[in-house]
Structures are given as C-alpha cells and as structure tokens.
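> If you scroll down you'll find the structure; I have some questions about it.
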Amino acid sequence: MEQEIIIALRYELAIGEVSLDEIVFRLKELRDSLMLRILERILVSYDDLICERLGRTDLYPSKARKGLGRHFQKDDQAEHSCRGRKIRKRGYRSHPRVVSTVFGQLRLPIRVVECCRCGAFYSPLLSALGIGRYDRHESNFEQEVIEAVIDTNYRRLIKGRSIDISVGGIHNLVVGSDLDRVYQTPVAPATLSGIIADGTGLKQYRGEKGELRAVIGVTTSGRVEPLGTFTNTDWSDIEKNIKKRLEKTESPIPPFIYDGEPGLDSFLADITQSQRCTWHGPRGLYHALWEDGLKKKDSQPEIDRMKHLIGIELPKGDYEILKEEDKEAVNSRYQASKAQVQELIETFRQKGYTHGVTYLEKISKRLFTHIEIWLQSGVITPKTTSLLERVFREIGRRLKRIAWGWSDPVATKLSKMILLKQYSHKDWEKYWMNKLHIVGHFQIEIASVY
C-alpha cells in the first residue's frame, strides 16, 4: 500500500559567501536525525494501518489480515498462539520502546490493543515487525558494529565511530552471531584447485599462547574459499569438519598443500593427494642439516640443489593444445628430479646426515604431486602455502589489535568473520541479506524535491 511522507526543511544562507563544503557538512549533520524522524513516521503509519485492519473486520476480510495480530493466549503458561484477529485499541504504553539503529536510538511509541477473543493485551506493530520481547537493536545496526569490529578494537570503535553501544554490548553481538552457519554449507570440490591448511600463534588470556588453525580452498580462478578456522583444536577434529563441507562427488578431490606442520601428514589423506609446499621444503632441509651439525655455508649448496630439483615450471596455456614434446619435456624433467632426490638421500646417508636423510625420505613422495596431477589431467594446482600465509597475516594483524586475551570460541568466530568479509564478499553479502530478510517487501524513493 503506497504512502507518502511530506518533509519540510528550513535553511538560511549568506548570499555570495556560503561554500559547497559547508552546505554538505550541515546536511551530513542532519542526515541521521532526519532518517530517525522518517523511520518513526513510517512505523507510526504502519501501526495505524495494522490496527485499522484488525479493528475493522467488517471492511477487511481474513485475507487482508494475513500475518497480522499474532499473539499468545492470555494467561497461557505454555504460550499457545491465539487464533483471534480482532482487536480493541487500548492506548499507548507509558514508556516508548528504545531500539538501536544505524541512525541512532529510535524511541518508538508502542500502541497496545486488546484481543476480542482471549482478552490478551499486546502490540501488533512489534509482532508485525518481528521485534521480540528483549530485542533492543535491529540487524543493520548489528552488521555495522561487526564490520567495524573487524577493522578496529572495541574502544576505538566506540570513540571513533560514535556508535551508541557499550563495550559489553559489542562483545555480546560478536559472541551471539550465528555466522557459523555459513561455514556449514557444502563446497563443491570441482570449484577448487587445491586445499591448504596451516596454523599460527595467538596470544590469549594472561599471556598464554594458543594456536589459530585455518583451512582454505583455492578456487580454479585463484580466489580464497574459506573452509574454516579453529582455535586450539586438534587437526583430527578439524579434518572431520572439513570433510563434512566437501560435497560427495565422483570428480577427484583437489590436492592438499601443507608446509610440514605436525599433524598434517595424514590430513585428508584418504580422499586427496598431499603436496608439500615447495617453498618450505628447502627451508625445512636447512633446519634438518643444521641438526646434523652443518653450518649455513656448508648446507647452502645442498639446499640450492634441492630448489633446482623441485623448481619445475609447467607450460602455460591449454593442456589439450600443447605439443606432445612439451609434455614429454616436463615428464623427463620430473623423472630426472625424482631420481636425483633419491641420489641426494643416498649421499646424505653416506655422509652421516641422519636428520637430512629422514627429512628427505619423509617429503620426497609429496614434492611432485602438482606435477603428477598436471601430467595426468592437465590441471594446474597450487604448490606453495603462500596464499594462506597472506591470509594469516591479514587475520593476525586484526586479531592482535582486537582480540588479545579472548577465549577460544570468540577468537575462532572473529577469525571466521575476517576471512569471510575479506575473501568471500559475495557470501558475506548473502549472509546479511538473509539475516535482514531483504526480499523486496518494502520500497522507498524520492517522489519530488522542490
């Protein structure tokens, strides 16, 4: 039903002296208070329309009252819904309902009506708007607070953005968010070219050290697909969670890339092939040889040799139209590198580098997975964890400023928010559109300005 609001603005200006900047500044000052007045007028008008339909059942059939007047039966402890949809107006509550909005605090007069069937007193406007008994803010306000929290800490948020909410109120919004349900939706493996997992340190209560662990997918277009973040959670439990998100499909699961962190050697091993990060491989060899007593100047030639062996570059372009000699060149280099890695292991064994031998034997079968996949299917997959390293820098930069000393569940939830907003903007927007119930039931436009 179309309605109109008439707005009258009064202004004064010094002819020939006023600047555009000052006009915009004053309009910006007026913006929030104007929006609050408009919001109040819309809700009061909506209240009148609802009560008109519920009070004049002789004019409005049951179809016109659909969805209006929901309330519980009077004195019913079990809170069964009353089927009555006819009312008598009984005035207004003595105190208005205060609701926090993105424009500021809305002080809404609440009309009370009496059900003609059960005699219950209730507010049909609150029922129609979906405002619960203890709701004190609307979801747009929640979105603004959470997006601000992602960028700064609580106190700076209140001071810098003038959001009318306490530190405890901000914390409750973050803790009470149901954003976890986004991380329960299935992910099609066919859309991913690889899965990466890693962990990073996290400062917690009283200076205790924790660990934040993250698993991401890399899409075929090179984007980050957040699969989950976890604080102080065992990798076996994380693996179960990730498996639930991966859709069961006949197509092959993309390879799993990791940097050798303890607990990841068998991660997703039953459904995917593992690839050791080709950057961390030589770096780990340096530490293994250091444990064997070699100084950097002595171990560097062996590290450089390993970098050369695993640094096989794949041809760019469509695999199907590549010449056979190009594919054969990659295969020859791959077979030669595998053989030379085994030779390097034997050399280390003869020299007594036990830690170096153990390390190379452990990773040798997982250094060329990306080459093997390319030779079999032509699919280019990630070979390093650098993308996740960048993600961790982004998460760490925010968590260190925002969440020092937080509990495991809250640090996990905030890291999920950061990942989703930063790297999966469409999912972030979809989540809020669903939460705000934006389905096109309300439209507003400027009719005229004169």
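> If one takes the longest principal axis of the Cα atoms in the chain, at what angle in degrees, from 0 to 90 and to the nearest 10, does the Cα axis of helix 408-423 lie?
Around 90 degrees separate the two axes.
> Return a whole-number percent for the relative contact order of the chain, with Cα pairs under 8 Å and 6 or more residues apart as the contact set.
Reported as a whole number, the value is 13 percent.
> Further, regarding this structure: Can you tell which of 236, 50, 262 lies farthest toward the positive end of the dipole of the chain, using +1 and -1 charges on the Cβ of basic and acidic side chains (Lys, Arg; Asp, Glu)?
Among 236, 50, 262, the one farthest towards the positive end of the dipole of the chain is 50.
> If R0 is 35 Å, what FRET efficiency do you get for residue 40 and residue 184 from their C-beta distance, rounded to 0.05?
0.35
> Scan around residue 263 for amide H atoms under 5 Å from its own, H built in the peptide plane at 1.01 Å from N, and keep only partners 5 or more places away or cross-chain.
none
> Expressed as an acute angle from 0 to 90° and rounded to the nearest 10, what is the orientation of the C-alpha long axis of helix 324-351 relative to the principal long axis of the chain?
70 degrees
> Which of the lysines could be linked to residue 435 by a straight reach, that is with a Cα gap under 19 Å, when you skip same-chain ones fewer than 8 residues away?
Leaving aside lysines fewer than 8 places away in the same chain, those within reach of residue 435 are 413, 416, 421, 426.
> If you don't mind, there's one more thing I want to ask. Amide H to amide H under 5 Å from residue 203: which residues, 5+ apart in sequence or cross-chain, H placed 1.01 Å off N in plane?
210
> Per residue of the range 223-235, what does 6.51 cos²θ - 1.76 cosθ + 1.60 with θ = phi - 60° give for ³J(HN,Hα)? Whole Hz please, x for Gly and Pro, Karplus curve as stated.
Running phi through 6.51 cos²θ - 1.76 cosθ + 1.60 with θ = phi - 60° gives 8, 7, 10, x, 9, x, 10, 8, 10, 6, 10, 5, 4 Hz.
> Once you charge only the Cβ atoms, +1 for Lys and Arg and -1 for Asp and Glu, what is the size of the charge dipole of the range 20-136 about its Cα centre, to the nearest 20 debye?
So the dipole magnitude of the range 20-136 works out to roughly 560 debye.
> Where Lys and Arg each count +1 and Asp and Glu each count -1, what net charge lies around residue 191 among other residues with Cβ under 11 Å from its Cβ?
Surrounding charge for residue 191 is -1.
> Now, a different point. For helix 425-435, report the angle its Cα long axis makes with the longest principal axis of the Cα atoms of the chain; keep it between 0 and 90° and round to the nearest 10°.
Approximately 30 degrees, to the nearest ten.
> Under a Cβ-only charge scheme (Lys and Arg +1, Asp and Glu -1), can you give me the dipole magnitude of the chain about the Cα centre, in debye to the nearest 20?
Taking the Cα centre of the chain as origin, the dipole is about 1700 debye.
> Taking 0.36 nm per intervening residue step and subtracting the Cα-Cα distance, what contour gain separates residue 247 from residue 430 on full extension?
63.8 nm
> Which of 1, 35, 433 comes first, and how do the rest follow, when ranked by fewest Cβ neighbours within 10 Å?
1, 433, 35
> OK, next. Once you list every other residue whose beta carbon is under 13 Å from the beta carbon of residue 53, what net charge do they have if Lys and Arg are +1 and Asp and Glu are -1?
Local net charge: +3.
> Quick one: Cα centre-to-centre distance for the range 255-319 and the range 62-133, in angstrom?
65 Å
> Could you run the Karplus curve 6.51 cos²θ - 1.76 cosθ + 1.60 with θ = phi - 60° over the range 111-122 and give me ³J(HN,Hα) per residue in whole Hz, x for Gly and Pro?
7, 10, 10, 10, 6, 6, 9, 10, x, 6, 9, 7
> At a Cα cut-off below 22 Å, give the lysines reachable from residue 316, other chains included and same-chain residues fewer than 8 away excluded.
Counting by Cα, and skipping residues close in sequence, residue 316 has these lysines nearby: 307, 327, 383.
FYI, it's all coordinate maths here, none of it is from the lab. Values in this document were obtained by computation on a predicted structure and should not be read as measured data. Here Cβ is always computed from backbone atoms with ideal geometry, including for glycine, and neighbour counts include all displayed protein chains.
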